[in-house]
């Protein structure tokens, strides 16, 4: 029987999640989590990024909620946006990074300097020839690898989502930096085939809910199923715990 020990990818109304920090924490406790992170979208997102002035408010709220629920550890993180137009390849500054306990980062549409229109068109099959797709993959991969190497990222979120990426190159970079690759239960990435590619490198994985509603906090079953189907050694999934009882698949 496997259980999820922590969920580091959850959203709140500070970006575009529906559940408050306390509601998400309460659900995490209900699901038996030991840790949870608040990781709202980075401020560079044009429609649902956190307002930069709200980071201190989030820190204060997390500290207050932590006092009420000492049985679970609450971390403050951010799902920074990967871009090519900043020195560190993210939409958070070096000064802002000091506010967080650790960093998550992923690629999203809706940011400046992220090949967003080209990736959106590729995703929707508009003007996407083989040569253009290869060129875009190189640009996307270089952009992501740059962000991985220039930052101490805890998790690379939903790798391969929203554009063509070279998963093998991402996995090499994550292995070198100790960054976990996410198997999301909100997005289809890492896909089954992508897990098979990434697991060839000495990289570790994490299953995340990417919860935008409180009831989804701690959701991991579909990620576990994908990992198993890929033949991944589950000891490489950092937030799965095997209690030795295998009468049921999951808890």
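Just from its helices, what would the mean residue ellipticity at 222 nm be for the chain, if runs of 4 or more DSSP H residues each count -39500 (n - 2.57) and the sum is divided by every residue, rounded to the nearest 500 deg cm²/dmol?
Estimated from H runs of four or more residues: -10000 deg cm²/dmol.
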(message) Please arrange 47, 157, 185, 141 by how many other C-beta atoms lie within 10 Å of their C-beta, fewest to most.
(response) 47, 141, 185, 157
(message) Please report the antiparallel percentage of DSSP beta bridges with both residues in the chain, rounded to the nearest 5.
(response) 15
(message) Can you tell me, using C-alpha contacts under 8 Å and at least 6 residues apart, the relative contact order of the chain as a whole percent?
(response) 23
(request) Please work out how much length the chain gains when fully extended from residue 142 to residue 29, using 0.36 nm per residue of separation minus the C-alpha to C-alpha distance, in nm with one decimal. (result) 36.8 nm
(message) Over all directions, how big on average is the projection of the convex hull of the alpha-carbon atoms in region 112-251, in square nanometres?
(response) 9.6
(request) Take every Cα pair under 8 Å in region 33-81 that's 6+ residues apart, average their separations, divide by the length, and report that relative contact order as a whole percent. (result) 59
(request) Could you bin all the Cα-Cα distances of region 2-242 into 10 Å bins starting at 0 and give me the percent of pairs in each, rounded to whole numbers? (result) 8, 34, 37, 19, 3, 0
(request) Please report 54, 152, 161 as a ranked list, fewest other C-beta atoms within 10 angstrom at the top and most at the bottom. (result) 152, 54, 161
(request) Sticking with the crude label model, points 7 Å out along Cα→Cβ, report the distance from residue 202 to residue 168 in nm, one decimal please. (result) 1.9
(message) Give me the extension gain from residue 222 to residue 53: residue separation times 0.36 nm, minus the current Cα-Cα distance, reported in nm with one decimal.
(response) 57.3 nm
(message) Please compute the length gained on full extension between residue 235 and residue 96, using 0.36 nm multiplied by the number of residues separating them and subtracting their Cα-Cα distance.
(response) 46.7 nm
(message) Sort 130, 229, 22, 79 by Cβ crowding within 10 Å, fewest neighbours at the top.
(response) 130, 229, 22, 79
(message) Relative contact order of region 123-235, please, whole-number percent, based on alpha carbon pairs below 8 angstrom and at least 6 residues apart.
(response) 22
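Readers should treat all values here as calculations from the given coordinates under stated rules, not as data from a laboratory. Keep in mind that what you see is a predicted model, and the values were worked out from it rather than measured. Counting neighbours? That spans all protein chains shown, and the Cβs are built from the backbone with ideal geometry, glycine included.
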